[in-house]
Amino acid sequence: MSQNDDNNAYWSANMRLIKISLIIWALVSFGFGIILRPMLAGIKIGGTDLGFWFAQQGSILCFLALIFFYAWRMNTLDREHGVDEE
Amino acid sequence: MDQFTLNLLFVGASFALYIGIAIWARAGSTSEFYAAGRGVHPVTNGMATAADWMSAASFISMAGLIAFTGYDNSSFLMGWTGGYVLLALLLAPYLRKFGKFTVSEFIGDRFYSPTARLVAVICLLVASITYVIGQMQGVGIAFGRFLEIDAFWGLLLGSCVVFAYAVFGGMKGVTYTQVAQYCVLITAYTIPAVFISLQLTGNPIPALGLFGEHTASGESLLVKLDQIVTDLGFKEYTAAHGSTINMVLFTLSLMIGTAGLPHVIMRFFTVPKVSDARWSAGWTLVFIALLYLTAPAVGAMARLNISDLMWPNGTNGEAVSVEQIENDPEYAWMATWQKTGLLDWEDKNGDGKIQYYNDQNADLQAKAEANGWEGNELTKFNRDILVLANPEIANLPGWVIGLVAAGGLAAALSTAAGLLLAISSAVSHDLLKGQLTPNMSEKNELLAARLSMAAAIVVAVLLGLNPPGFAAQTVALAFGLAAASIFPALMMGIFSTRINNSGAVAGMLAGLVVTLLYIFLHKGWFFVPGTNSFTDADPLLGPIKSTSFGAIGALVNFTVAYFVSKATKETPQEIKDLVESVRIPRGSGAAIEDH
């Protein structure tokens, strides 16, 4: 496989990873925190409902996990496709 | 030692520390001035970025806005953290690979057009100056309180301090100073929160205390809070009251804006490698989250404490008496804050008591009439004082109050300095050296950088005399502007080879102009009161407030850029190759000085 094909494969793997991550990003904030909050109203936590927790704390914790997961995955991809920094 | 001396001592000691570090790490070359020689470790860089990022808006203003609104202002929490996901995934690693100093350099090169670079500089200046206005508001309040003077004089004094401080060093001096500022501000934010959480819930971690049990009543803290605020005629704390569409757009604007603000993006140019840029975004968010997970607890607990102080015998008992406010040491904070002009009360019905309730609520009219109340008597409570007054409200020891004053100033100063740096590099590096006078010497470039900082402060103070909202709301407008102009151009520059020079220029201009127009129509032209045609209570477009318009502006930007690019000449091959190379980490070198 030529370097150019490999670069393309690297980029599409990256795009796939970005898409999945952004879906989770939107789901925990706009989804659970705002739009889907009424549907989660039945799940109680500390005197309020799960949606309130996602809006004020849960989403932030998910964002953190997402960024570190992405950084770790990308560093592996960099090496697999031979595009890491020597 | 009295409180005034203690405050001076804490603020003075923290200032001595920052200035000491700034002198020790003074920038010698232009490269050090802008990008700290690219030798900053991701964790260090993360901490400095967090200090740079968490401004007066996060520290002083945000918890107050959450406290008095509740759930609806969760947008600030999600928006100002969620942007880092966009930054880490969509921008930071690629901009680091590109390897230049400023955001407008990237836009100028990628869209092979000096015009694009110029438009980027304009967008960046508009967003940054709006942002500085919000910081100045915070600085004014903090100085006003700890020197016990009017907030206006606090603002003037604060602007002099910010200027003196920012011209000291460039990025290098600022980076290490900001690490110190982060430590000061996070300690100052956390300590009072821990005390208050222990008092109210017995849990030493405020973030957990928020969802814990209110010890005094045995109920959940949030249930208790909901009950008290509704008793006083205010809206239920945990429920949604505003429009869902507006909340989504507002959150999105803050997120995109975060990823489009030049002073934050610039930070990712200073890490040694592309992979470090990814980690650095993560570390930044770790340090930011420490404050953001505590902030909602600070807000809710302060709201509870204020209600308790105003109604010491419960919401159905007697209100606090004027005599008690004037003599009881527990209420001494009210008199000190009254001096700043940001807090006030008035015994309207002359019964010697101060009734705090929502006099706009029709349901409370009967109760008010039966008890002879003639309107809410806690007539003024500026949201921005909440965090600074919080330790006093909770009756914490004097040193905690001094520490919080120092923390608030650290937050405002670090961000103001970072923004001034972004402004000065835009003017001296991109505008003067990049376009007007390419042969300028390094010495003159540094001089121009410092002069533009001074000019920026003057403009910010002038516009800041009529702030368009509380500090965090002013700052939110700056985010809307960055979201509508810078972020789409950067993203399209990396993820699409089709967007060409004309497309990018047209997109940025369209995004900036519609957003600025929408803001001025609602907040007044150049924020001058009375010149607005609409209000945020009844906005031009359905439920969309001016603070939420940034997301729409970004959409306009993307759309215009796409169609203009389609109608004009294709991107040349060498630019397509440039985009390809930016996408691959291999071969990232040191920064290239292209002038």
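Give the separation of the Cα centroids, the range B:458-485 to the range B:65-83, in Å.
Cα centroid to Cα centroid, the span is 18 Å.
What do you get when you divide the Cα radius of gyration of the range B:363-405 by 2.2 N^0.38 Å, with N the number of residues?
1.77
Any chance you could give the angle, 0 to 90 degrees and rounded to 10, that helix B:295-310 forms with the longest Cα principal axis of chain B?
Helix B:295-310 sits roughly 20 degrees off the main axis of chain B.
Let me check something: with ligands and nucleic acids excluded, how do B:Thr81, B:Thr190 order by accessible area (1.4 Å probe), largest to smallest?
Most to least solvent-accessible, the answer reads B:Thr190, B:Thr81.
Between chains B and A, what is the buried accessible area in Å², counting both sides, with a 1.4 Å probe and ligands, DNA and RNA left out, to the nearest 100?
Values: alone 21490 and 6260 Å², together 23490 Å².
For B against A, buried area totals roughly 4300 Å².
How do B:Cys160, A:Cys62, B:Cys183 stack up against each other in accessible area, from largest to smallest, with a 1.4 angstrom probe?
Ranked list, largest accessible area first: B:Cys160, B:Cys183, A:Cys62.
Can you give me the relative contact order of the range B:156-274 as a percent, contacts being Cα pairs under 8 Å and 6 or more apart? It would help to have the intermediate numbers written out before the result.
Details: 56 pairs, mean separation 9.9, N = 119.
Reported relative contact order: 8 percent.
Ignoring ligands, DNA and RNA, please state the percent of accessible area on the protein assembly as shown from carbon and sulfur, probe 1.4 Å.
After summing per-atom areas, the C and S share lands at 63 percent.
Along the principal axes of its C-alpha atoms, what lengths does the range A:3-80 span, in descending order and rounded to whole Å?
Result for the range A:3-80: principal-axis Cα extents of 56, 19, 14 Å.
Give me a single rounded figure for B:82-88: the average over its residues of other chain Cβ atoms within 10 Å of their Cβ.
Details: counts 11, 1, 5, 14, 3, 1, 8.
Going residue by residue through B:82-88 and averaging, the value is 6.
How many partner chain Cβ atoms sit within 10 Å of a residue's Cβ in peptide B:426-435, on average, as a whole number?
0
Treating the Cα atoms of the range B:46-192 as identical point scatterers in vacuum, please give the log10 of the normalised Debye intensity I(q)/I(0) at q = 0.14, 0.16, 0.22 Å⁻¹, two decimals.
Evaluating at q = 0.14, 0.16, 0.22 Å⁻¹ gives log10 I(q)/I(0) of -0.91, -1.16, -1.55.
Once you have the Kirkwood Rh of the protein assembly as shown from its Cα pairs, apply Stokes-Einstein at 20 °C and 1.002 mPa s and quote D in µm²/s.
The diffusion coefficient I find is 84 µm²/s.
Along its three principal axes, how long is chain B when you only count alpha carbons? Whole Å, largest extent first please.
79, 52, 41
What number, in percent, do you get for the relative contact order of chain B if the mean sequence gap of Cα pairs under 8 Å and at least 6 apart is divided by its residue count?
28
What angle, in degrees between 0 and 90 and rounded to the nearest 10, separates the Cα long axis of helix A:3-26 from the longest principal axis of the Cα atoms of chain A?
That helix lies at roughly 0 degrees to the long axis.
Per residue, how many Å² of accessible area does the protein assembly as shown show with a 1.4 Å probe?
Working: 23490 Å² over 681 residues.
Accessible area per residue, the protein assembly as shown: 34 Å².
Which number comes out as Rg/Rh for the range B:229-343 once both Rg and the Kirkwood Rh are worked out on C-alpha atoms?
Rg/Rh: 1.15.
Along the positive direction of the dipole of the range A:3-80 (beta-carbon charges: Lys, Arg +1; Asp, Glu -1; about the Cα centre), which of A:Gly47, A:Phe68, A:Gly58 reaches farthest?
Sorting the options by dipole projection puts first A:Gly47.
Return the calculated 222 nm mean residue ellipticity for chain B, to the nearest 500 deg cm²/dmol, obtained by summing -39500 (n - 2.57) across DSSP H runs with n ≥ 4 and dividing by the residue count.
Value at 222 nm, helices only: -21000 deg cm²/dmol.
What is the spin-label model distance, in nm, from B:Thr244 to B:Asn444 if the labels are put 7 Å beyond Cα along the C-beta direction?
6.0
Please report the net charge: other residues with Cβ closer than 15 Å to the Cβ of B:Gly314, K and R +1, D and E -1.
-1
So for the range B:461-595, what percent of the C-alpha to C-alpha distances run longer than 23 Å?
46
What number in nm² do you get for the range B:122-248 if you take the convex hull of its Cα atoms and divide its surface by four?
That works out to 12.3 nm².
The values are calculated or read from the model by the stated rules, or taken from the named source; none is laboratory data. In this text the structure is predicted, and so the values were computed from the model without any measurement. Glycine also receives a Cβ, built like all others from the backbone with ideal geometry; neighbour counts cover every protein chain displayed. Just the protein is used for accessible areas: all its heavy atoms, side chains included, with ligands, DNA and RNA removed. Shrake-Rupley method; radii C 1.70, N 1.55, O 1.52, S 1.80 Å.
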